[in-house]
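The values are calculated or read from the model by the stated rules, or taken from the named source; none is laboratory data. These numbers come from a predicted model, not from an experiment. Glycine also receives a Cβ, built like all others from the backbone with ideal geometry; neighbour counts cover every protein chain displayed.
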Amino acid sequence: MLRFVLSRIGEAAVVLLIVSVIVFIFIRLLPGDPAMALYGDNIQKMTPADQLRIRDNLGLDEPLHIQYTKWLEGVMHGELGRSYLNGEPVSTIIYNAVGPTVQLMLTGTCLTVLASLLLGTYTGLRHASKTDVVVTVFSYLLMSMPAFYQALLFMLVFSLYFGWFPIAGMGSPHGGFGEWLRHITLPALVLSLSHIGYYIRLLRNHVLITKEKDFVRALEARGVPYLRIVTRHIAPNSALPFLTYIGMSLSLTMAGSVVIETLFSWPGLGMLSLKSALTRDYPVLIAAILLGTFVVIIGSLLIDLFCAWFNPRIRRQLVKEGAAS
Amino acid sequence: MKLTKWLAVTACAYLCLLLLLSFAAPYATGHDPVDVNLGSILQPPRPDHLMGTDEMGRDVFTRLLYGARVSLSVGFAAMLVSLVVGVVYGTVSGYCGGWIDRIMMRLLDTLLSIPSLLIMIGVQAILSPGLLTVVLVIGLTGWMSLARLIRTEMFERKDEVFIQASIVVGASPYRLFVRHLVPHSLPTILVMSASGVGHAILSESTLSFLGLGIPPHEASWGNMLVGAQNHLLTGAWWAVAFPGACIVLTVLAITFLGDWLQNRYGSPQFNPKK
């Protein structure tokens, strides 16, 4: 078991390394040069010799791979530079933004998993029933509506018309769980709904295939109660590919949360990255992209490990290997 | 099965109508899409402004038609970009196999794990905004799933006898790709390109809505929704409802077409019995 976990963590680390290379290349492509960013217009008043000395101090005349390792070392120590806007260290800004994003993605993903497990399994079993038709129509509608439009509609109906939920923000940190829940409901709901259509259809199709399989028929013939067949056999068998898919498409959830955070003024990585892109605050933007990807990779890794544990075939094999070694 | 076909026909009719209207936009309306008229801002729908006017006094119906040109062409062009990249990448990776395949797939996984919208935001921050940038950004972030599918197909196909035979008679790799490998993947390519167009239209509207897409004065469906929050507050529903409905209907139509293509030409493993 341990070996399996370690090898997965190793794979994730390799992916992270490649991402860091991509992000580093991205930084080199940004307009302006770091010396300029540090000293602003003053650099034009300096003599060429001084300019050269500064570049030398910053390590800009070294070969790219040495610059990269130095940069990566800095990132590992949390040295991400300072914001162009207010001079605050980027690490503090980012640190405050990761929490809200993780909360939002976690709540949204849990909602998605629960709702699509229920609806997908039900519509798959009751294929072509009235519920199936209604759910299918809604999933198609949700699939073709941009997330920001859904967010607007929800704000209009639930915040402005009914006044049930606050329209924006995260509430005060001392408001307790109730206030947090009231603030996160709408963003998490929209985040979940903007992806759920696809998952419901995916699960429904898997259930449609699974319920025709021979082992289900054999269970029925042996007189196993229907509910038990569904909850212990059909649902887990169909949920496995579905869970794997959720893990793979976590980056889509992250992309969705960028839009939703911006609309609901949820102070997370998404809102931060958009704000810094619009104000050309490059150090913050780069850190937000890096951390956003980091969150996605860690999340996928966790779901991946959960899937392996959830799948008895893999779990038993791993436990056996663990006992042998 | 019958329903899918009927939906596909309706979707086709709707898309044809939309294309026709947007091509004939100058003749379909008497207004100009960028003409600001501060004398009649946020007017509700009435006979001379079929869908009302926006906050600059521009006719919403006219902007919808001109916006359709932008949104549809971004959709198709971005799909073409990801089609070319995805097919080439998938074919090379699947056909070569071995360590080249392993490296290429690892890179693909990495690219998939970077949230596309974050890349789009990053790239938009470097390049100046415009039609071409939007097309490239959407196209270059949307090819990964196609590449993966094509790669799986190539993997299975490269050992088939007719491929072996054409290698034996001395076909060049280029000829092998263009005449034998890629044409056999056309069904997959067709199905994926339908969903690609839908995705690209949604992405364009999101980017433009966030202020990173098409420059604001040009009409596009996403642009028309930029001030949507304020319109909802003031009760100007027509400035929000019509562009939104256009996006939803168009993407829906493309999805139905894609489903029909999938049923008709797609590989059977994705087709549960209806």
- Message: Of everything in the stretch A:239-264, what is polar (S, T, N, Q), within 11 Å of chain B (Cβ to nearest Cβ) and surrounded by fewer than 20 Cβ atoms within 10 Å (Cβ to Cβ)? Give them in sequence order.
- Response: A:S249
- Message: Tell me whether the stretch A:60-71 contains one or more residues that are away from chain B (no Cβ under 14 Å), modelled with pLDDT of 75 or more and within 30 Å of A:T262 (Cβ to Cβ).
- Response: yes
- Go through the stretch B:219-258 and count every residue that is more than 10 Å from chain A (Cβ to nearest Cβ) and within 22 Å of B:G142 (Cβ to Cβ). 5
- How about the stretch A:180-213: which of its residues are free of Cβ contacts under 8 Å to residues at least 40 places away in the same chain and not in a helix (DSSP H, G or I)? A:E212, A:K213
- Residues of the stretch A:135-179 that turn out to be touching a residue at least 60 places away in the same chain (Cβ under 8 Å), under 26 Å from A:S116 (Cβ atoms) and away from every other protein chain (no Cβ under 12 Å), as a count: 1
- Right, B:V137: out of contact with any Gly (no Cβ under 7 Å at 6 or more places or on another chain), closer than 28 Å to B:I119 by Cβ and either crowded, with 20+ Cβ neighbours inside 10 Å or not hydroxyl-bearing (S, T, Y) (or both) or not? yes
- So how many residues does the stretch A:265-296 have that are charged (D, E, K, R) and either more than 8 Å from chain B (Cβ to nearest Cβ) or not in a loop (DSSP other than H, G, I, E, B) (or both)? 2
- Item | Qualifying residues in the stretch B:108-134 (those that are more than 7 Å from chain A (Cβ to nearest Cβ) and hydroxyl-bearing (S, T, Y)) - the one farthest from B:T91 (Cα to Cα) | B:S128
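Yes or no: the stretch B:6-23 includes at least one residue that is part of a loop (DSSP other than H, G, I, E, B) and over 30 Å from B:K158 (Cα atoms). Before the answer, list the steps.
First pass over the stretch B:6-23, keeping only residues part of a loop (DSSP other than H, G, I, E, B): none.
Checking the stretch B:6-23: not a single residue is part of a loop (DSSP other than H, G, I, E, B) and over 30 Å from B:K158 (Cα atoms).
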- Query: With respect to A:L193, is the statement that it is in contact with a Phe, Trp or Tyr (Cβ under 9 Å, 6 or more places away or on another chain), at pLDDT 90 or above and either basic (K, R) or under 13 Å from A:F264 (Cα atoms) (or both) true?
  - Reply: no
- Message: Among the listed residues B:V88, B:V84, B:V36, identify the single one that is in contact with a Lys or Arg (Cβ under 7 Å, 6 or more places away or on another chain), over 25 Å from A:L141 (Cβ atoms) and either free of Cβ contacts under 8 Å to residues at least 40 places away in the same chain or surrounded by fewer than 16 Cβ atoms within 10 Å (Cβ to Cβ) (or both).
- Response: B:V36
- Any residue at all in the stretch A:161-175 that is in the same structural domain as A:L114 (by TED's automatic domain parsing), buried (at least 21 other Cβ atoms within 10 Å of the Cβ) and within 30 Å of B:Q262 (Cα to Cα)? no
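Being of a type in the set (G, A, S) and at pLDDT 80 or above is the filter here; which residues of the stretch B:234-254 pass it?
Quick first cut of the stretch B:234-254, residues of a type in the set (G, A, S) only: B:235-236, B:239, B:241, B:244-245, B:253.
Result: B:A239, B:A241, B:G244, B:A245, B:A253.
Being buried (at least 20 other Cβ atoms within 10 Å of the Cβ), more than 9 Å from chain B (Cβ to nearest Cβ) and on the phi < 0 side of the Ramachandran plot, is that true of even one residue in the stretch A:213-227? Spell out the reasoning first.
Filtering the stretch A:213-227 for residues buried (at least 20 other Cβ atoms within 10 Å of the Cβ) gives none.
There is no residue in the stretch A:213-227 that is buried (at least 20 other Cβ atoms within 10 Å of the Cβ), more than 9 Å from chain B (Cβ to nearest Cβ) and on the phi < 0 side of the Ramachandran plot.
Residue-wise test of (1) surrounded by fewer than 17 Cβ atoms within 10 Å (Cβ to Cβ); (2) out of contact with any Ser or Thr (no Cβ under 8 Å at 6 or more places or on another chain); (3) in contact (Cβ under 8 Å) with a residue 60 or more places away in the chain.
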{"residue": "A:H65", "(1), (2), (3)": "yes, yes, no"}
{"residue": "A:E79", "(1), (2), (3)": "yes, no, no"}
{"residue": "A:A97", "(1), (2), (3)": "no, yes, yes"}
{"residue": "A:P100", "(1), (2), (3)": "no, yes, yes"}
{"residue": "A:C110", "(1), (2), (3)": "yes, yes, no"}
{"residue": "A:V113", "(1), (2), (3)": "no, yes, yes"}
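Residue by residue, here is whether (1) in a loop (DSSP other than H, G, I, E, B); (2) free of Cβ contacts under 8 Å to residues at least 40 places away in the same chain; (3) of a type in the set (D, E) holds:
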| residue | (1), (2), (3) |
| --- | --- |
| B:V191 | no, no, no |
| B:S195 | no, no, no |
| B:A200 | no, no, no |
| B:E204 | no, no, yes |
| B:I214 | yes, no, no |
| B:E218 | yes, no, yes |
| B:W221 | yes, no, no |
| B:M224 | no, no, no |
| B:Q229 | no, yes, no |
